[in-house]
Amino acid sequence: MSGIEVITFGCRLNTYESEVMKAQAEKAGLNNAVLVNTCAVTGEAVRQARQAIRRARRDNPHARIIVTGCAAQTEKQTFAAMPEVDAVLGNEEKLSSASYRSLPDFGVSAQEKLRVNDIMSVKATAPQMVRHIDGHVRAFIQVQNGCDHRCTFCIIPYGRGNSRSVPMGAVVDQARRLADSGYREIVLTGVDATSYGGDLPGAPTLGLLAKTLLKQIPDIRRLRLSSIDSIEADAHLMDLIADEPRFMPHLHLSLQHGDDLILKRMKRRHLRADALRFIEEARRLRPEMSFGADMIAGFPTETEEMFGNAVRLAEEAGIAHLHVFPYSPRPGTPAARMPQLDRSLVKDRAARLRATGHRLQQSHLDGMVGTRQWLLVENNGLAHTENFTLVAAAGLRPGELVPATITGHNGKHLDMQLTAAAA
């Protein structure tokens, strides 16, 4: 091979950072290399990364393979010990061209492969400017990194460090650059995005940042947030939900569970009533609002009754896009030391919670039939409505915004008929 290939796992923040990594590696003159940007959120994510590394070596026997991302930060020795790996970069190091200029030669020891510093020592997130997000018609912008909370199941703070925000002016500049490049939709991303601004002068909030972007950059047609923690939603965010049509009517919530005792053992900051209250208020302000959510099945000490509360929360909230994670013990986290459930029971409960999610998705799709929607056409023959529902859109040009009437669905995505010329 020649050039640089990037393999990305995990969140939208990783997708954005992969663009930065590639640009920095090219700036350093790196060639004939595979960059693997890993995720550490579950043991399965780490397993998939290791599998991809072995596959990349088979396919590119003479390329340099550089591993980075959250799993590389939290399990650096694991990846350094892999014979397929030439270097391991930490989450901070991967964003610097100097890291790619100082790579070790082939055949060095595992210790010499490592370029991973203490992520907790990083106190600021430097703004990174990109003009293009490869393979995506929606542009992602990093506004925040790290997390100050210590949920008992989560390893991510040890891969990302403490919370730190990108200054508002830099975010505006990046958004303007992407809008000028033709992106119709921008997604604000972070590890704990709703903590945005707490470390900045004046403590601006995520809602205020979103308001500022839409006010200062009229060319942004659609603005989304990635996953948020509803307990941190501020008045500016609620104003956007109520009054700003360019703020998309879809939020992905970090719910994690629906039983109060389990939420406390997870060290979450909300209870089930808090989540339901937020969802009810958001729908009151904007009835077409839809919700996605992350939920964990089989957390340590979870009884059948507690699991039932999680199922009922998803049903009561009407979650349209439910992402279910079977609990995965992450070494070094408090939950990994709690009494564990049998893995077969964890998998069974995850399957049952996914079945609930499927029923809720069908109900959501049914409710969309007959509505008129603006669609953003993706690269894969599909499109997204404003409330983030997939629509079949074969033959349309990626990046187009088109109006359509929803005519039906096939259980996975909506069918539509165009109602006017493309915008």
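The values are calculated or read from the model by the stated rules, or taken from the named source; none is laboratory data. Please read these numbers as outputs of a predicted model, since none were measured by experiment. Here Cβ is always computed from backbone atoms with ideal geometry, including for glycine, and neighbour counts include all displayed protein chains. Surface accessibility is based on the protein's heavy atoms, side chains included, excluding ligands, DNA and RNA. Shrake-Rupley method; radii C 1.70, N 1.55, O 1.52, S 1.80 Å.
Odds and ends about this structure:
- Count of the range 148-169 residues, restricted to those that are within 18 Å of Y16 (Cβ to Cβ) and open to solvent by less than 20 Å² (accessible area, probe 1.4 Å), is 6.
- Taken over the range 1-23, the residue count meeting the criterion of being of a type in the set (K, R) and more than 10 Å from the chain's Cα centre (by Cα) is 1.
- Residue pairs whose Cβ atoms lie under 9 Å apart, separated by 6 or more positions or on different chains, with the first residue in the range 236-252 and over 18 Å from A317 (Cβ atoms) and open to solvent by 10 Å² or more (accessible area, probe 1.4 Å) and the second assigned to a loop (DSSP other than H, G, I, E, B) and of a type in the set (D, E), are P245/E386.
- Checking G408 against (1) touching a helix residue (DSSP H, G or I) at 6+ places or on another chain (Cβ under 8 Å); (2) part of a strand (DSSP E or B), the condition it does not meet: (1)
- Condition check for V41: of a type outside the set (D, E), buried (at least 18 other Cβ atoms within 10 Å of the Cβ), in a loop (DSSP other than H, G, I, E, B) and in contact (Cβ under 8 Å) with a residue 12 or more places away in the chain: yes
- For the range 171-211, filtering for residues that are within 19 Å of R269 (Cα to Cα) and open to solvent by 10 Å² or more (accessible area, probe 1.4 Å) leaves 7.
- Residues that are touching a strand residue (DSSP E or B) at 6+ places or on another chain (Cβ under 8 Å), outside any helix (DSSP H, G or I) and among the β-branched types (V, I, T) within the range 174-230 comprise I186, V187, T189, V191, I220, I228, listed in sequence order.
- Output for the range 283-311, where each listed residue is under 22 Å from L251 (Cα atoms) and crowded, with 22+ Cβ neighbours inside 10 Å: S290, F291, A293, M295, I296, A297, A310
- Across the range 77-125, the qualifying residues are those that are modelled with pLDDT of 90 or more and over 28 Å from the mean Cα position of the chain (by Cα), and the one among them that is farthest from N162 (Cα to Cα) is P83.
- Scan of the range 1-38 for residues that are open to solvent by less than 10 Å² (accessible area, probe 1.4 Å), in contact with an Asp or Glu (Cβ under 9 Å, 6 or more places away or on another chain) and farther than 20 Å from T74 by Cβ, ordered by number: A33, V34
- Leading residue by the ranking (farthest from the chain's Cα centre (by Cα)) among those in the range 388-410 that are open to solvent by 10 Å² or more (accessible area, probe 1.4 Å) and in contact (Cβ under 8 Å) with a residue 40 or more places away in the chain: H409
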